[in-house]
Amino acid sequence: MKLKKPSVQNPKVKKIVEAASHSLDDAVNAIKESGLPNAPIITSIAEMTGLKKKKSVQLAESLQAGQPSVSIEKMSFAFLGGGSFGTAMANLAAKNGCDATLWVRDKRTVKSLNKTRVNKKYLPNHKLDDRLKFSYDLQAAVTGVDVIFVAVPSSAFREMLTNIKPYITHQAVVSLTKGMEKDTFALMSDIITDVLPEVNFGVMSGPNLAVEIMDNMPSATVIASESEPLRKAVQTALHSAFFRVFASNDVKGVELGGALKNIYAIAMGMAAAYEVGENTKAMLLTRALAEMSRFGVAVGADPLTFLGLSGVGDLYATCSSVLSRNYRVGHMLGQGVSLDAAIKKLGQTAEGVNTILQVHTRATELGIYMPITHALHAVLYENKSALGVALNLMESGFRSDVEFVLPHDEINAKLSHEFSEVLKTSAEAKPSNDTTDPNEPVKSTKDKGE
């Protein structure tokens with residue numbers, strides 16, 4: 001494809017533009033020969049030609065007023081939470097030229113990060129960008145920034161928002177947390193609107209294993225917000241040659257995809273421990289997707305959202321990767337390790353354990369047919385035999401494949417009630433033979449980002 005040649009005076013720029021007018025491959029070679037730093041091609045060209053948008057107003061004003069996004073160099077961001085994913089996103093923003101600060105609780109950790117530029121606990125094999133800043137002072141980290149990314153466990157999310165509330169003036173808030181609040185069924189967006197009702201907000205979710213992102217393996221995510229300027233700002237800040245950021249306005253659907261898939265990662269880990277075949281894995285994945293979309297529609301999400309990155313994309317990555325914390329918990333459970341021992345061995349938060357409890361309760365209340373979720377609840381919290389429950393799943397009667405195409409013959413509430421009655425008759429699990437020391441760590445316990 002031929003590119004139209006703009007009028008430029010800089011000879012170095014002119015050479016690259018001449019090459020780009022023939023092909024993007026020629027442009028790549030020209031940029032490499034020019035000695036430019038390792039950066040996305042389009043970004044490099046834009047920086048040299050001055051084609052980037054100039055900041056005409058403060059980002060805070062543009063986000064609230066719906067004006068176009070601003071240039072990347074003028075953006076400032078705070079990333080709260082020094083886990084793997086929060087660290088990876090902060091590093092991306094810094095590499096892209098943003099003013100990025102990673103906040104962690106511990107002063108000693110900040111000192112170590114400044115000295116080594118390595119997150120020794122969660123990403124020990126990756127050096128962080130020299131431009132990334134670190135802080136343990138929450139007020140200093142969030143005051144005056146344009147967007148605050150929150151990447152703490154769901155159990156600490158409300159507390160974190162309460163802590164930053166006194167320092168909120170104009171900042172937008174983006175959740176990087178996947179999960180639900182214990183006992184309230186609140187998603188992170190619900191907590192944001194509850195604690196910070198006037199704040200412009202969004203959520204990010206997708207198949208985002210942090211180690212792969214840090215290794216520059218091509219990856220993508222979704223930013224969901226009702227605010228187009230906020231979506232554009234996040235896309236501008238995080239998009240790179242190896243990381244794409246797609247947009248959505250279905251906040252609830254994107255967030256539910258990120259939360260619900262953790263349930264099925266536990267199921268898939270258990271299935272892998274039983275050495276099931278590929279047919280079984282495919283069946284489990286597709287029925288999981290059906291449950292996710294069924295639940296989503298019942299609570300106001302768009303079912304089509306679950307066909308995107310935050311739905312089937314995240315589901316596939318989390319259910320097929322040993323890097324997933326939830327998958328590893330499920331695998332230990334399938335090997336006969338008790339739930340408490342599995343959590344202690346993991347040494348980190350596996351959001352799916354709490355999500356199973358929350359979604360089982362909510363689905364029962366709303367009459368939503370979610371047999372896999374109910375089955376996992378029976379195994380984890382009712383001491384039912386996993387193999388017995390699996391047989392109940394297989395024998396649960398005739399159903400349509402995609403109910404949005406061919407509706408079930410019976411309503412979901414009736415199907416859900418019938419399956420619950422079947423589960424009550426399942427045999428109880430035998431006492432665990434697990435004699436492993438719960439304090440002994442399992443192999444590969446580092447936080448991989450899901």
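The values are calculated or read from the model by the stated rules, or taken from the named source; none is laboratory data. It should be emphasised that the depicted structure is a prediction, and the values quoted were computed from it without experimental measurement. FYI the Cβ positions are ideal-geometry reconstructions off the backbone, even for glycines, and counts take in every protein chain you see. SASA here: full protein model, heavy atoms, side chains in, ligands and nucleic acids out. Shrake-Rupley method; radii C 1.70, N 1.55, O 1.52, S 1.80 Å.
So here's what we get for this one:
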quantity: Euclidean distance of C-alpha centroids, the range 202-234 and the range 150-199, integer Å; calculated: 18
quantity: Solvent-accessible area, 1.4 Å probe, carbon plus sulfur percent, for the range 230-296; calculated: 54
quantity: Flagged links, alpha-carbon separation over 18 Å, of K74/K178; K95/K261; K111/K133; calculated: K74/K178; K95/K261
quantity: Residue-by-residue Karplus 3J(HN,Hα) for the range 356-370, coefficients 6.51, -1.76, 1.60, Hz, glycine and proline x; calculated: 4, 5, 5, 6, 4, 5, 5, 5, 5, 4, 8, x, 8, 7, 9
quantity: Residues L387 and E198, FRET efficiency given R0 of 51 Å [Cβ-Cβ distance, rounded to 0.05]; calculated: 0.50
quantity: Extended-chain gain in nm, criterion 0.36 nm per residue less alpha-carbon gap, R399 and D183; calculated: 74.6 nm
quantity: Linear extension gain, V276 paired with R131, 0.36 nm per residue minus alpha-carbon span; calculated: 47.5 nm
quantity: In nm, spacing of pseudo-spin labels at M283 and K115 (7 Å Cα→C-beta vector); calculated: 5.5
quantity: Pairs from K107/K127; K127/K345; K127/K182; K232/K252 whose Cα-Cα separation, in the structure shown, is over 29 Å; calculated: K127/K182
quantity: Solvent-accessible area per residue for the range 191-299 (1.4 angstrom probe, square angstrom); calculated: 35
quantity: Interchain or long-range residues, amide H under 5 Å from R105's placed H; calculated: G82
quantity: Loop chymotrypsin sites (Phe, Trp or Tyr not before Pro), the range 197-291, which have at most 14 other Cβ atoms in a 10 Å radius of their Cβ (DSSP); calculated: Y274
quantity: For the range 277-329 versus the range 95-123, the gap between their alpha-carbon centres in whole angstrom; calculated: 32
quantity: Positive-end residue of P407, H331, T364, charge dipole of the range 325-408 with Cβ unit charges; calculated: H331
